[in-house]
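The values are calculated or read from the model by the stated rules, or taken from the named source; none is laboratory data. All values reported here derive from a predicted model rather than from experimental measurement. Cβ placement follows ideal geometry from the backbone for every residue including glycine, while neighbour counts extend to all protein chains displayed. For the accessible areas, the whole protein counts, side chains as well, though only heavy atoms, and no ligand, DNA or RNA atoms are used. Shrake-Rupley method; radii C 1.70, N 1.55, O 1.52, S 1.80 Å.
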Amino acid sequence: MARSLSAARIGTQVRALRVAADVSGGALAKASGISASMLSRIERGLVSPSVETLERLAQGLHVPVSRFFSDQARRTDFCHVRAGQGVVVDRVGAVSDYRYELLGHLLSGNLFVEPYLVTLLPGADPYVTFQHPGLKFLYFLSGEVSYRYGAKSVGVGAGDSLLFEATALHGIEEIRNGPISYLSVVFTLRE
């Protein structure tokens, strides 16, 4: 029988993080400097661990202590978009002939993620003044371009990826070989 609802939630989270890290109970106990039996009792919610014990477990799992208190089990958002069925959206500040197909949307959590399939239509022109908060990941599916990020310019083609802070000016500087399509994922924190 669990000691309390809080102890049970913490225990469930410790176990979930341990399993996700593919670490055995014995290995985590050793890395954390606690006994295997104590870890077992924590994971089953039979004891309410001290702050010091939680700090040791967090170090053993390489996570912040706050992860033991997050309510991951209640986050059930899941999005499945079948091929070709993303929502074509007109984004604020979108450039003419850049087609944005939204590939997913989640409502929970502190992280806002916008995954798009971007296709440059035949009339698209280079555009290097995109600028917004967050991180941006690009994975090029087809074509070849010169991509500008701040003062840097790199040639990219199918199979290449870019990851950068989106607060600097960025965008396609030159279209070298079309058609151009790429996956664009923007990560920002919700306020």
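Among the candidates LEU39, LEU46, LEU54, LEU117, which residue alone is in a loop (DSSP other than H, G, I, E, B), modelled with pLDDT of 85 or more and surrounded by 12 or more Cβ atoms within 10 Å (Cβ to Cβ)?
LEU46
Does SER32 meet the test of being at pLDDT below 90, open to solvent by less than 60 Å² (accessible area, probe 1.4 Å) and of a type in the set (Ser, Thr, Tyr)?
No: the conditions fail for SER32.
Of the residues that sit in segment 161-191 and are farther than 22 Å from GLY104 by Cβ and aliphatic (A, V, I, L, M), which one is most open to solvent (accessible area, probe 1.4 Å)?
The residue in question is LEU169.
Could you please let me know if ALA158 is open to solvent by 30 Å² or more (accessible area, probe 1.4 Å), free of Cβ contacts under 8 Å to residues at least 12 places away in the same chain and not basic (Lys, Arg)?
So ALA158 fails the test.
Since VAL145 meets every condition but one in (1) of a type outside the set (S, T, N, Q); (2) modelled with pLDDT under 95; (3) farther than 23 Å from VAL81 by Cβ, which condition does it not meet?
(2)
Which number in (1) assigned to a strand (DSSP E or B); (2) in contact with a strand residue (DSSP E or B) (Cβ under 6 Å, 6 or more places away or on another chain) marks the one condition that GLY104 misses?
So GLY104 meets the others, but not (1).
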